Amino acid sequence: TTNETWDCATDPVVNSSADVRAPGITTLRDAVQTACAASTITFDPSLSSPSGTITLQSELVIDKHLKIQGPGPSKLTITVDPSVDARMFTVEPGATLELTGLKLEKEPDAGAFAIQQGGAIFSHNANLIVRECEFWHNAATEGGAIAVLVDSDVASSTSIVASVFSENRAEYGGAIWT
């Protein structure tokens, strides 16, 4: 549904594993860019039957409060094209990302240390909540899977619950760097 007042989508449903905009489909990138603040992005069951992958061509920037609710990490993986040196998500100052039920994975050794902070997620002066997610084969100089940067005068939070980190690599903070 579209909220005409704000010209944004309320609780969009991703129905395509593509990362290119096309008529009649909603990609994860479309959902993130067009979702109203405080929306929950979910995934059509066809993307995870029996399991699926969404391959991004560049990072997704979170600049508002968003929940992204996946079907479970064994059902849906988000990755980045191995020819691109990018993380999956950047959470901008003042924004909130609540991520549940997804696997964030790169090909082993893809873009090893080409990313400075956060191989999968970089959160800067933001709020990050991760529940029941898996992080595999991500790499960065700081925070192989997740990097959290908070300036001393900014209130922000990070919460990670019931999540798995495996084979992530970094010079500092193989899984998480704060």
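For Ser49 and Ile25, a Förster radius of 25 Å and the Cβ-Cβ distance give a FRET efficiency of 0.90, rounded to the nearest 0.05. Seen from Val13, the other residues with C-beta closer than 11 Å to its C-beta sum to a net charge of -3, counting Lys and Arg as +1 and Asp and Glu as -1. Summarising the strand pairing of the range 1-90, around 15 percent of its internal DSSP beta bridges are antiparallel.
Using a 1.4 Å probe, what is the accessible area per residue for the chain, in Å²? Could you put the intermediate results ahead of the total?
On the way: 8110 Å² over 178 residues.
With all protein chains present, the chain gives 46 Å² per residue.
Per residue, the average separation of C-alpha pairs within less than 8 Å and at least 6 apart gives the chain a relative contact order of 15 percent. Here is how the number arises for the chain: DSSP H runs of 4 or more residues each give -39500 (n - 2.57), the sum is divided by the residue count, and the result at 222 nm is -1000 deg cm²/dmol. Placing +1 on the Cβ of every Lys and Arg and -1 on the Cβ of every Asp and Glu, with nothing else charged, gives the chain a dipole about its Cα centre of roughly 320 debye.
Counting 0.36 nm for each residue step from Ser83 to Arg131 and taking away their Cα separation leaves a gain of 14.4 nm.
Report in % the part of the accessible area of the range 52-178 that belongs to carbon and sulfur, leaving out ligands and nucleic acids; probe 1.4 Å.
Within the range 52-178, the accessible surface is 46 percent carbon and sulfur.
Give me the net charge of Ile115's neighbourhood, meaning all other residues with Cβ under 12 Å from the Cβ of Ile115; Lys, Arg count +1, Asp, Glu -1.
On the way: positive: Arg87, Lys106, Arg169; negative: Glu59, Asp85, Glu142, Glu171.
So the surrounding residues net to -1.
On the basis of the beta-carbon distance and an R0 of 22 Å, Glu107 and Ser159 show a calculated FRET efficiency of 0.20. Candidate cross-link partners of Lys103 among the lysines, defined by an alpha-carbon separation under 21 Å and a same-chain spacing of 8 or more, comprise Lys67, Lys75. Loop sites by DSSP among the chymotrypsin sites (Phe, Trp or Tyr not before Pro) of the chain, restricted to those with at most 16 other Cβ atoms within 10 angstrom, leave 7-112 as the longest stretch without any of them. Here's the list of aspartates and glutamates a cross-link from Lys106 could span, going by alpha-carbon distance under 17 Å and ignoring same-chain residues fewer than 8 apart: Asp19, Glu59, Asp81, Asp85, Glu134, Glu142, Glu167.
Given the choices (1) 1.39; (2) 0.97; (3) 1.78, Cα Rg over 2.2 N^0.38 Å derived from the coordinates of this structure is entry (2).
The values are calculated or read from the model by the stated rules, or taken from the named source; none is laboratory data. None of the values given here were measured: they were computed from a predicted structure. Using ideal geometry, Cβ is built from the backbone for each residue, glycine included, and neighbour counts are taken over all protein chains shown. Quick note on the areas: whole protein, heavy atoms, side chains included, nothing else; ligands and nucleic acids left out. Shrake-Rupley method; radii C 1.70, N 1.55, O 1.52, S 1.80 Å.
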